[in-house]
Amino acid sequence: MDSALALIAQSSLKQGLPTFKVGQTVRVHQKIKEGGKERVQVFEGLIIQTNKGTGISGTVTIRKIVDGIGVERIYSIHSPNIAKIEITKEARVRRSKLYYMRDLTGKSARMRTTILEGQVFEPKSAAQIQAEKDAVEAEKQAQKDAAEAKKAAEKVQDAASEKEVQNDAPADESGKDENNAVEAEKKSE
């Protein structure tokens, strides 16, 4: 029974996600279905808590302040409703839970951060990762085939040039014999 659950949980895991740390500022793009339409809503805030690591039940609690009111959301890391996650900043913190941030407002709620650019993590399914691996392997195989074809062409060209050299060689030797005979006659005179 446990192995069946583990297999299902393993197939539901998203690949290519980073390890989330407390103190990071992230932008979560969440899919929202309203009626027959689907849209993406962005929620940007500070990670104040991570729970249960990176497994299927892993969650992060993200807090932001809107019009002076603190808003917290808990996201399941491997939820199919998360379109992508961007890490924008990272602060150096010395606690595993930043619950004290709930009491701070204004400038006191700021943290010394490092801005991170270009770190966008789009969850990938196992099929997408396998397709990328297959594409890379196909490209490597194509390069290998091209190199082998180039070597074969060089061998054919070398064989053709050797035949030309062999065809030219007897004519050169006969020419040398004639030259040697002419030189021998000149010496004898």
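We did not get these values from a lab; they are worked out from the coordinates using the rules stated. No experiment lies behind these values; they were computed from the predicted model shown. A quick note on method: Cβ atoms are made from the backbone with ideal geometry, for glycine too, and the neighbour counts reach across all protein chains shown.
Numerical summary
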{"read-out": "Whole-Å semi-axes of segment 70-110's equivalent ellipsoid (Cα gyration tensor)", "value": "24, 13, 11"}
{"read-out": "Cβ-defined net charge surrounding Val28, 11 Å radius [Lys, Arg +1; Asp, Glu -1]", "value": "+3"}
{"read-out": "Electrostatic dipole magnitude of segment 18-123 [Cβ: Lys, Arg +1; Asp, Glu -1; Cα centre; debye, to 20]", "value": "360"}
